[in-house]
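The block underneath contains the structure these notes are about, expressed in structure tokens.
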Amino acid sequence: LLAHGYEVLSISLPPETAHPLDGVQYVYCDVATASDDELLALLDGVDAVAYAAGADERIAPQAPAAGFFYRANVLPTQRMARLARQAGVTSFVVYGSYFAEFAERWPELGLRENAGYVRTRLLQEQVAFLEGEGAMTVTSLRLPWIFGTMPGAVPLWSMFVAMDAAVPEDSPIAVPA
């Protein structure tokens, strides 16, 4: 974004990143606890929002999980989309889940009916679409695992590198069909 001449504002939870990118304005706050007025002030003059806050499938709440994921993902997304629209944002992108894609692509798996996390990720998209209807473009990116690194942070996938390093070089690798 910076290379294309955009001003970039990052709103995220502390702790601050070890090496912030030059040219990015960083604001550290919890959007879940910030007031509507605080968020509207941050969104003032913003054209597009890429929204990636929430809980993912690595969290295992007590059963039933749907209520937890509804409160963690659906309600905050709806609020942020509503506030973005109110602030005049024209494009809102929800960083969704590849599980939502799986639920629609393979309905025979029963993910929509039997997995509270998946059901709420689909609902998260829908509330964002409804909040933006007629006033801002809303897009959902159903992202798979993203592999990368950040200075000072241990990547989530580092456990797989360690597992691979422990396997002798001439060992076969099992890959499901």
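The values are calculated or read from the model by the stated rules, or taken from the named source; none is laboratory data. In this text, all values refer to a predicted model and were calculated from it rather than measured experimentally. All Cβ positions, glycine included, derive from the backbone under ideal geometry; neighbour counts span all protein chains shown.
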Problem - Members of segment 1-57 found to be in contact (Cβ under 8 Å) with a residue 40 or more places away in the chain and among the hydroxyl-bearing types (Ser, Thr, Tyr), listed by number - result: 17, 51
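Could you list, in sequence order, all residues of segment 1-47 that are polar (S, T, N, Q), touching a strand residue (DSSP E or B) at 6+ places or on another chain (Cβ under 9 Å) and not in a strand (DSSP E or B)?
First, the residues of segment 1-47 that are polar (S, T, N, Q): 10, 12, 17, 25, 33, 35.
Adding the requirement that they be touching a strand residue (DSSP E or B) at 6+ places or on another chain (Cβ under 9 Å) leaves 10, 12, 17, 25.
Selection gives 17 alone.
State which residue is surrounded by the fewest Cβ atoms within 10 Å (Cβ to Cβ) when the search covers only segment 78-120 and only residues that are part of a helix (DSSP H, G or I) and in contact with a strand residue (DSSP E or B) (Cβ under 8 Å, 6 or more places away or on another chain). Lay out the reasoning, then the answer.
Taking segment 78-120 and keeping what is part of a helix (DSSP H, G or I), we get 78-87, 98-105, 107-109, 111-114, 116-120.
Okay, now just the ones that are also in contact with a strand residue (DSSP E or B) (Cβ under 8 Å, 6 or more places away or on another chain), so 80-81, 84-85, 100.
Details: 80: 24, 81: 25, 84: 26, 85: 20, 100: 22.
Top of the filtered list is 85.
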Fill in the blank from the handout: Among (1) hydrophobic (A, V, I, L, M, F, W, C); (2) under 13 Å from the mean Cα position of the chain (by Cα); (3) modelled with pLDDT of 95 or more, residue 75 falls short only on (2)
Exercise for the section: Considering each residue of segment 82-112, count those that are of a type in the set (S, T, N, Q) and closer than 17 Å to residue 66 by Cβ, and give that number. Expected result: 1
Exercise for the section: Name every residue in segment 41-59 that is exposed (fewer than 15 other Cβ atoms within 10 Å of the Cβ) and over 17 Å from the mean Cα position of the chain (by Cα), in order of residue number. Expected result: 41, 44, 45, 47
Handout entry: Checking residue 74 against (1) out of contact with any Leu (no Cβ under 6 Å at 6 or more places or on another chain); (2) surrounded by 15 or more Cβ atoms within 10 Å (Cβ to Cβ); (3) part of a helix (DSSP H, G or I), the condition it does not meet
Key = (1)
